[in-house]
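Reading through the structure tokens given below for one structure.
The values are calculated or read from the model by the stated rules, or taken from the named source; none is laboratory data. Just so we're clear, the structure is a prediction, and the values are computed from it rather than from any experiment. With ideal geometry, Cβ positions are generated from the backbone for all residues, glycine too; neighbour counts draw on all protein chains shown. These area figures cover heavy atoms from the full protein model, side chains too; ligands, DNA and RNA do not enter into them. Shrake-Rupley method; radii C 1.70, N 1.55, O 1.52, S 1.80 Å.
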Amino acid sequence: MTPAQSARMVETIYGCKWSLTVYQLLVNGINRPGEMVRSVEGLTTKVLNECLRKNIEFGIIERIAYNEVPPRVEYVVTPFGTKFIRILDELEKLQSEIASEI
């Protein structure tokens, strides 16, 4: 991935106010879309699907579809996603440090 692609990825993901919430849900074991929407006030299915799609495109999360009736879909963080989320955590810490110094 080129630096420009990396910068676009960070802007896209960090700029989406729901991405960090989705990562937190996944870390807490909430990995089914319906459960995610019910767990977060203000999160709609449409917005969640857009957020999930962007994260899948960047390889941060993976969609797992089970061949069951009724159909079941779950999302998991990829190994790359785990590394990426650590970077976002560091950005959050830096932002908090800067805010506390002002």
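Criterion first (touching a helix residue (DSSP H, G or I) at 6+ places or on another chain (Cβ under 8 Å), of a type outside the set (Phe, Trp, Tyr) and in a helix (DSSP H, G or I)) does Leu25 satisfy it? Don't jump to the end; show me each part of the working.
On the way: touching a helix residue (DSSP H, G or I) at 6+ places or on another chain (Cβ under 8 Å): yes; of a type outside the set (Phe, Trp, Tyr): yes; in a helix (DSSP H, G or I): yes.
Answer is yes for this residue.
Does region 45-71 hold any residues that are surrounded by 14 or more Cβ atoms within 10 Å (Cβ to Cβ), free of Cβ contacts under 8 Å to residues at least 40 places away in the same chain and under 11 Å from the mean Cα position of the chain (by Cα), and which are they?
Step one: filter region 45-71 for residues surrounded by 14 or more Cβ atoms within 10 Å (Cβ to Cβ), giving 47-48, 51-52, 54-56, 58-62.
From the residues that got through so far, the ones that are free of Cβ contacts under 8 Å to residues at least 40 places away in the same chain too are 47-48, 51-52, 56, 59, 61-62.
Within region 45-71, Leu48, Cys51, Leu52, Ile56, Gly59, Ile61, Glu62 meet the criteria.
Which residues, counting only those in region 42-91, are under 19 Å from Asn28 (Cβ atoms), assigned to a loop (DSSP other than H, G, I, E, B) and modelled with pLDDT under 95?
Scanning region 42-91 gives Gly42, Leu43, Ile60.
Could you please let me know if Gly34 is surrounded by fewer than 15 Cβ atoms within 10 Å (Cβ to Cβ), free of Cβ contacts under 8 Å to residues at least 12 places away in the same chain, outside any helix (DSSP H, G or I) and not polar (S, T, N, Q)? It would help to see each step written out before you state the result.
Details: surrounded by fewer than 15 Cβ atoms within 10 Å (Cβ to Cβ): yes; free of Cβ contacts under 8 Å to residues at least 12 places away in the same chain: yes; outside any helix (DSSP H, G or I): no; not polar (S, T, N, Q): yes.
No, not satisfied.
Scan region 1-18 for residues that are of a type in the set (S, T, N, Q) and either open to solvent by 90 Å² or more (accessible area, probe 1.4 Å) or in contact (Cβ under 8 Å) with a residue 60 or more places away in the chain (or both) and jot them down.
Applying the first criterion (of a type in the set (S, T, N, Q)) to region 1-18 yields 2, 5-6, 12.
Gln5 - this is the single residue of region 1-18 that is of a type in the set (S, T, N, Q) and either open to solvent by 90 Å² or more (accessible area, probe 1.4 Å) or in contact (Cβ under 8 Å) with a residue 60 or more places away in the chain (or both).
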